[in-house]
Every structure is written in structure tokens, then in C-alpha cells.
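The values are calculated or read from the model by the stated rules, or taken from the named source; none is laboratory data. Because the structure is predicted, anything quoted here is derived from the model rather than measured. Neighbour counts are summed over all protein chains in view; Cβ atoms, including those assigned to glycine, are modelled from backbone coordinates with ideal geometry.
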Amino acid sequence: MFVLSVLLLITAVVLLLVGRGRTGAGQWKLGAALSALAALLAGVFACVQVVDASEVGVPVTFGKIGTPLVSGVHLTSPFTDVTSFSTRPVDLDLNGKDRVEVRSSQGGVLYADVTVKWAVVPAKAVELFRLAGSGDAVEERLVLPDSREIIRNVFAKHTSEEGYASAREQIGSEIAALVKERLAPRGIDVTSVNLRNVRPSDKLQEQIDKKIQQEQATERATEAARTAKAEAERKRIEAEGIARANKIIERSLSDKVLYNQCLEAYKEAAKSNPVYAVPCGTDANGTPVIVDNGKK
């Protein structure tokens, strides 16, 4: 804009000089006056800088960086160039083709989907200008490469199983803390880091499936051995119980007891058979006993 102002001023001077001594000099003077007015307006606009409500400006005059400009209208030198940085929150989505390929401590390959929410700190816009040069370059030069590096470093300290299952929440918290710590001094406020999904590579998934199958086979074999051992123990206990019971019965069944039980049994049988002989006795042959149910 300042260059345009200078050109218009030069045009006004040229018109004024050329129009001297010529017929219709008034028209030349009018053209010179209009050019001068346009040059003045262009010069004023060159000294006015407008910063939007959601931006912060970094003024640079002859290579020297000035104080950041907040939202509003500012009068600056016509030689001042203002670089704007948006202060709105930005979502950096690392998914799809931009997902992060990481390796576990065991060398397994995993794919992580991560969202980093960040925003420029207005008070540190000068630091961002020195590091990135422009608002559009902040994400490409700072947020993206630093986030990827930290994500890979954190996953490299954990096993594959921890990465996609058992320690996923811990890994997400560790990544968030390190990203915030890395970017805060550079003028970037990271509000959240969301580890949304972790997927094993196809090769790693095959290894996981084989390991699960082996573990299941081992569990089945262990359970079968445990069942067989329990069944053998049950049978042993049952056999010991029967043997103890037989010993108790053997000790309690004396000859007199057997003789009395024999008499009682045949007395009961005599109710339907009035008279018959039974071989009850304590010797080997047994002494015959006549049971007469009729005479009782």
C-alpha cells in the first residue's frame, strides 16, 4: 500500500509538471490533485493495521520485531509488516493416511489415531514468529513433528500388548503430558491429547492370534490334568472310606452277633413258612434250629 502511495504521488507531480504551459492546464491540474489525494489515502491506509478479534499480530519494521498487536486498529509505520496468528483452538487429527506408525519395545508395529487440540498463546506470538515465521507454519513445523516424535518415543517404551490394550490409558496420559511440556515454551497451549484408537499391524495381529491360541491350548491341557488329578483323588478317598468302613464292620460282627441276626432273620421268614429248620450256630457247620411259627 505504501508503494502505491508513492507511485500515485509521483504521478501527481508528473501530471502537474507536464500540464504547465499547455492548453487545458486545468485538466492536468485536476488529474494531479486527484492523484495526490489518492496517494494521501493510500499512505494513510499503509499506516493503519487492523487485527481481527481472534488474531494477534507481530509487527516487523526493517527486520526488528515489535510488541505483539492485540485485536483492534493500530497505527504503525508504513514500512511495518504485520504477521497475524490465529488464536482459535485447532484440532490436529492424526488418523487415516496421517495416522502415526509406532513400534513397541518388542519391535511390533502398531498404528495410533491421535487428536491434538492446541491454540496460540497471544503473549508468546513473538516466539512463534521466530520459530515458524507464519501462522500457517505453526502446525506444520512445530505441533505436527513434535507430536509424532513424542508418540513414537512413548510407545517404544511399552510392549505391544500394553500399547493396544492394558496400558493404553497410561500411554495416552504420558503422551499428553510430554506434548504439553514440549510445546508450552514455544507459545502453544495444548488443551488435550486424545489417543482414540490403537490397531496392531496385520503381521502383529497374526502373532497375537497365535499366542492366544497357544495360551488357550495350554489352559485346556492344564484344566484336563487338574480334572484328572481331582478325579483320582476322589476315587482314592472313596476307596479309603470303604476300606475303613469294612474294617469297622469286620471288628463289630462277632459270632454271637451273627447268630442273633440269623435267628431274627429266620423268625421273620417263619411268618410265611410255619415250620422249617435253619442252620444257625457258632461252629463251622452250624447247629440246626427248628422254627415253628405255628406254636411261636
Selected residue (criterion: surrounded by the most Cβ atoms within 10 Å (Cβ to Cβ)) from residues of segment 161-200 that are hydroxyl-bearing (Ser, Thr, Tyr) and outside any helix (DSSP H, G or I): SER192
Unmet criterion (only one of (1) surrounded by 13 or more Cβ atoms within 10 Å (Cβ to Cβ); (2) under 16 Å from GLU101 (Cβ atoms); (3) touching a residue at least 60 places away in the same chain (Cβ under 8 Å)) for LYS203: (1)
VAL143 vs. criteria among the aliphatic types (A, V, I, L, M) and part of a strand (DSSP E or B): no
Subset of segment 190-212 that is of a type in the set (S, T, N, Q) and under 21 Å from GLY107 (Cα atoms) - its residue that is modelled with the highest pLDDT: ASN197
First in segment 208-227 and not assigned by TED's automatic domain parsing to the domain that holds GLY108, second anywhere and at pLDDT 75 or above, Cβ under 7 Å, 6 or more apart: ILE208/PRO200
Odd one out for PRO59, checked against (1) touching a Ser or Thr at 6+ places or on another chain (Cβ under 6 Å); (2) surrounded by fewer than 16 Cβ atoms within 10 Å (Cβ to Cβ): (2)
